[in-house]
Amino acid sequence: MLLAAAQLAPGIALGQEPPQPVVNLQFNFSDPGARSLGFGGSFIGLADDATAAFANPAGLVQLGRPEVSIEGRRTSYSTPYTERGRVEGEPSGFGIDNTVGLRTARSDDEVSGLSFLSVAYPRGKWSWAFFRHQLADFELLSETQGLFGGGTDCCQQRFFDYRTRNDFDFVNYGLAGAYRVTETLSLGLGVTYLDASLLATTNVYGIDDDTVEAIFGLNSYLPERSIYREVVTIEDTDWVLTGGFLWTVSRGWKIGGVYRQGPQVEVDTVLVAGALIDFGVPPGEEVARSPRARVEFPSFLGLGVVYRAPGDRLTISCQWDRIEYANIPESLGAGDLTVDDADEFRVGGEYVFRRPKTMVALRVGAWLDPDHQLRAIVEDPLTRALAPPGKDEMHYAAGIGVAFNRFQIDFGVDLSDRVDTASISAIYSF
């Protein structure tokens with residue numbers, strides 16, 4: 001039926017297969033807290049405040065007093081997607097079929113709110129903490145229309161047009177504990193309850209009418225020209241574990257490590273009838289439902305090394321993170337899409353100016369965010385156009401902090417081409 005709907009004008013094919021939606025997601029694998037953000041996210045080897053409850057629970061034993069930590073973040077996303085252009089062949093020059101190759105647009109979104117909250121309580125060789133962490137809060141809106149194929153000497157082929165909306169929200173609630181094994185070694189364990197929510201909707205449309213002008217013109221996304229709507233939903237929870245260690249190698253040198261289990265949640269996919277084709281049910285009614293699948297989100301492995309100069313004024317932190325993004329398509333059996341696991345490299349530094357009643361810290365950092373965009377691994381030109389490879393991206397960070405006897409406030413920013421983050425956090429010890 002979908003193939004029949006593609007033949008909407010004599011002598012000109014309007015598509016062979018409907019485009020398959022690609023759910024673009026953005027996770028936040030940087031550790032919480034404005035101080036960590038100023039370090040470029042290189043915090044596993046430090047983990048010396050209440051944010052260690054998530055970053056590296058083994059670091060909680062470094063706290064001398066109970067602490068409360070709170071953070072607010074504002075993140076701006078600029079997510080690229082394929083807008084229009086040539087899937088294959090040369091442009092005809094008619095209407096919007098005038099682009100050589102593919103044209104990319106961006107979906108801009110800003111979110112802000114409570115990013116992290118924790119209460120940490122040290123007691124002897126043990127330390128405990130409760131925390132809430134916003135792992136992901138992301139929205140994407142995109143319109144892809146005017147993808148053409150075919151040659152210029154015969155038939156032009158226009159694929160279906162579509163609108164996509166992704167709303168993605170993951171929140172962690174956790175309990176973390178740490179034990180000081182020796183004076184130089186501590187171990188930590190965290191148990192996290194994940195509340196996951198995803199609504200990804202792809203609306204597929206035919207052109208406005210059966211004229212040649214409409215074939216090479218902009219789509220008005222008329223309700224009566226809707227073909228179908230695919231809805232991908234996640235409303236699920238999971239329990240995950242985090243383990244970490246912190247080892248003081250010698251005076252001034254520390255090594256920390258963390259493994260964070262990837263959550264697994266169920267995903268539901270439904271096909272809803274549009275108005276252009278008679279699916280045997282009224283428009284807006286369910287046509288088909290895929291069997292529930294269980295998707296595994298990325299696991300995280302991190303290793304950090306910290307050097308603190310004599311006098312404790314200068315601190316340098318380096319970190320390597322391994323993000324197992326390939327878990328996502330592999331767990332779903334998506335044979336036409338893949339994504340590489342990513343190796344993130346982070347480095348940051350802090351210099352402290354000491355005053356009689358306060359300390360002021362200046363921080364800078366940078367880190368490499370490798371390409372982890374879902375990309376096509378099949379020869380089909382349409383799939384390759386809708387799921388092209390991404391690119392590596394550098395992030396640059398800076399921050400400032402002021403610490404008093406029992407209160408500390410920090411500001412941090414992390415800037416890149418696609419994601420900008422600003423953070424303010426506070427820690428109170430009692």
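Nothing in this text is a laboratory measurement; each read-out follows from the coordinates by a stated rule. The structure presented is a predicted model; accordingly, all values stated were derived computationally and were not measured. Note: ideal-geometry Cβ built from the backbone for every residue, glycine included; neighbour counts use all protein chains shown.
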Relative contact order, percent, the chain [alpha-carbon distance under 8 Å, six or more residues apart]: 18
Computed Kirkwood radius, in angstrom, where 1/r is averaged over Cα pairs of the range 295-344: 13.1
Kirkwood-based shape ratio for the range 268-331, expressed as Rg/Rh from alpha carbons: 1.49
Amide H partners (placed H, <5 Å) of Asp210, local residues excluded: none
Inter-site label distance for Ser290 and Glu393 at 7 Å from Cα along Cβ, in nm: 2.5
Percent RCO, i.e. relative contact order, over the range 59-120, from Cα pairs under 8 Å lying at least 6 residues apart: 49
Per-residue HN-Hα couplings for the range 287-296 [Karplus 6.51, -1.76, 1.60; θ = phi - 60°; Hz; x = Gly/Pro]: 9, 8, 9, 6, x, 4, 10, 10, 9, 9
Sorted by Cβ neighbour density within 10 Å, fewest at the top, the residues Ser78, Ser317: Ser78, Ser317
Neighbour net charge for Ile316 - beta-carbon separation under 9 angstrom, K R +1, D E -1: 0
Theoretical FRET efficiency, 1/(1+(r/R0)^6), r = Cβ-Cβ of Glu90 and Arg418, R0 30 Å, to 0.05: 0.45
Debye log10 I(q)/I(0) for the range 2-429, one point scatterer per Cα, at q = 0.11 Å⁻¹: -0.85
Under the Karplus curve 6.51 cos²θ - 1.76 cosθ + 1.60, θ = phi - 60°, whole-Hz ³J(HN,Hα) for the range 341-357, x wherever Gly or Pro sits: 4, 10, 10, 8, 10, 10, 8, x, x, 9, 10, 10, 9, 9, 10, x, 10
Among 133-144, 387-398, the order from most to least packed when residues are scored by Cβ within 10 Å on average: 133-144, 387-398
Farthest positive-ward along the chain dipole, Cα basis, beta-carbon charges - from Gly401, Ser416, Val249: Val249
Distance between modelled label sites at Ile255 and Tyr221, nm, 7 Å Cα→Cβ extension: 5.3
Cα-centre dipole for the chain with unit charges at Cβ (Lys and Arg positive, Asp and Glu negative), debye to 20: 2800
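Using the beta-carbon distance between Glu110 and Asp371 and R0 = 30 Å, what value does 1/(1 + (r/R0)^6) give for FRET efficiency, to the nearest 0.05?
Efficiency, from the Cβ-Cβ distance: 0.80.
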